[in-house]
Every structure is written in structure tokens, then in C-alpha cells.
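Shown next, in C-alpha cells, is the structure this report addresses.
The values are calculated or read from the model by the stated rules, or taken from the named source; none is laboratory data. Predicted model, so just to flag it, every value in this text is computed and none were measured. Using ideal geometry, Cβ is built from the backbone for each residue, glycine included, and neighbour counts are taken over all protein chains shown. Areas reflect the complete protein model, heavy atoms only, side chains present, ligands, DNA and RNA absent. Shrake-Rupley method; radii C 1.70, N 1.55, O 1.52, S 1.80 Å.
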Amino acid sequence: MSDFTSYMDAALAQAHAAAARGEVPVGAVIVGPDGGIVASSGNRTRELSDPSAHAEMLVIREACRLKQTERLTGHSLYVTLEPCPMCAAAISLARIARLYYGAADPKSGGVAQGARVFDRPQCHHKPEVYSGIAETECSQVLTDFFVTRR
């Protein structure tokens with residue numbers, strides 16, 4: 001992976017924007033096979049009154065809408081926090097090729113923690129998973145947000 005380009009900065013910008021809106025600061029971007037950002041978003045659960053409006057779900061929906069397909073083969077997803085089980089299932093169903101995430105989520109993660117969705121026999125597609133991308137920065141945005149809430 002000598003020509004690897006991280007898009008975590010773009011996901012972090014979405015996390016900061018989510019925090020400014022009062023949302024839990026998680027950001028995500030989907031990158032197409034050509035290396036361009038297809039969709040980006042941060043959490044919007046409060047704004048949309050939708051418990052499924054996680055950053056990952058929003059970018060998957062938008063990328064599928066733009067590509068006019070339910071499959072995002074060859075695409076990569078960058079997200080600042082380990083996806084929850086709901087988002088991990090959507091990643092699998094969308095056939096996303098690669099998942100890059102920043103901070104681990106011991107409380108609600110669904111990839112390396114908890115449910116470990118991709119390791120289940122019911123999971124039809126397992127993306128390549130890369131964790132710890134800009135982990136310090138991704139963790140810090142969450143820590144800063146929750147310090148102001150407590």
C-alpha cells in the first residue's frame with residue numbers, strides 16, 4: 001500500500017461539523033475506486049429525529065443514490081469511530097471493499113468489539129478492515145465533545 005492516501009481528515013471535518021450541530025461527533029466519507037470522495041456526512045440522529053442517521057448510514061445511502069445502485073463494490077469507507085452493529089451490517093450489504101476507522105468503540109462497536117458482525121456466518125461480505133487510522137485525533141474529538149456534556 002505504498003500509494004495509500006488517507007481520507008480520514010475529511011471524515012474528521014465531518015465529525016467536527018456534527019459536534020458543532022450538537023450531534024455525537026462521528027464523521028464518514030465514501031471514496032470511489034477512482035480515489036474521489038463520493039459522499040460525506042456526520043451523525044444527524046438528533047437533527048433528523050432518526051436513530052439510524054449515523055454518519056456511515058448517511059454516506060452509504062447518498063453514495064448508492066448517486067451511483068444508482070445498492071452495491072458499492074470497489075469503494076472505501078472512512079469513519080472516525082468503529083461502526084456499530086447496524087452500520088457494520090449495512091457496510092456488508094453494500095459490499096464496500098475497504099473499511100478504515102479511527103477510534104475503537106469498546107461500548108458499542110460492531111467490528112472488532114461486541115457483535116463482530118463481519119465474523120458471523122450470516123455475513124455475506126467482509127470488507128478489508130483497517131483500524132487505528134488517525135486514532136488519536138478521532139478519539140480526541142469524541143473526548144472533547146463528551147467533556148462539555150458532563
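Highest mean packing comes first when the peptides 17-27, 33-43, 76-86 are listed by Cβ atoms within 10 Å, giving 76-86, 17-27, 33-43. Kindly identify the range 19-62 as rounded, prolate or oblate by the Cα gyration tensor criterion: order the square roots of the eigenvalues as a ≥ b ≥ c, call it rounded if a/c is under 1.5, otherwise compare a/b with b/c, prolate if a/b is larger, else oblate. The shape class here is prolate. Taking mean projected area of the Cα convex hull in nm² straight from the coordinates, which label in (1) 11.3; (2) 9.1; (3) 8.6 is the correct one? Recomputing mean projected area of the Cα convex hull in nm² here gives the entry labelled (3).
Roughly what % antiparallel, to the nearest 5, for the DSSP beta bridges in the range 26-133? Mind dumping the intermediate values first?
Numbers: 9 of 17 bridges.
Given both bridge residues lie in the range 26-133, the antiparallel proportion sits at roughly 55 percent.
Label positions at Glu128 and Val147, each projected 7 Å from the Cα along the C-beta direction, are separated by 3.6 nm. The angle between the Cα long axis of helix 8-20 and the longest principal axis of the Cα atoms of the chain comes to about 40 degrees, rounded to the nearest 10.
If you stretched the chain out fully between Ser49 and Arg65, how much longer would it get, using 0.36 nm times the residue separation minus the C-alpha to C-alpha distance? Provide the component values of the computation, followed by the final result.
Working: separation 16, 0.36 × 16 = 5.76 nm, distance 2.11 nm.
Between Ser49 and Arg65, full extension yields 3.7 nm more.
The angle between the Cα long axis of helix 55-67 and the main principal axis of the chain comes to about 40°, on a 0 to 90 degree scale.
Under a 1.4 Å probe, what is the accessible area of the range 5-129 per residue, stated in Å²? It would help to have the intermediate numbers written out before the result.
Numbers: 5600 Å² over 125 residues.
With the other protein chains kept in place, the range 5-129 gives 45 Å² per residue.
Charge tally around His125: other residues with Cβ under 10 Å, Lys/Arg +1 each, Asp/Glu -1 each, net +3.
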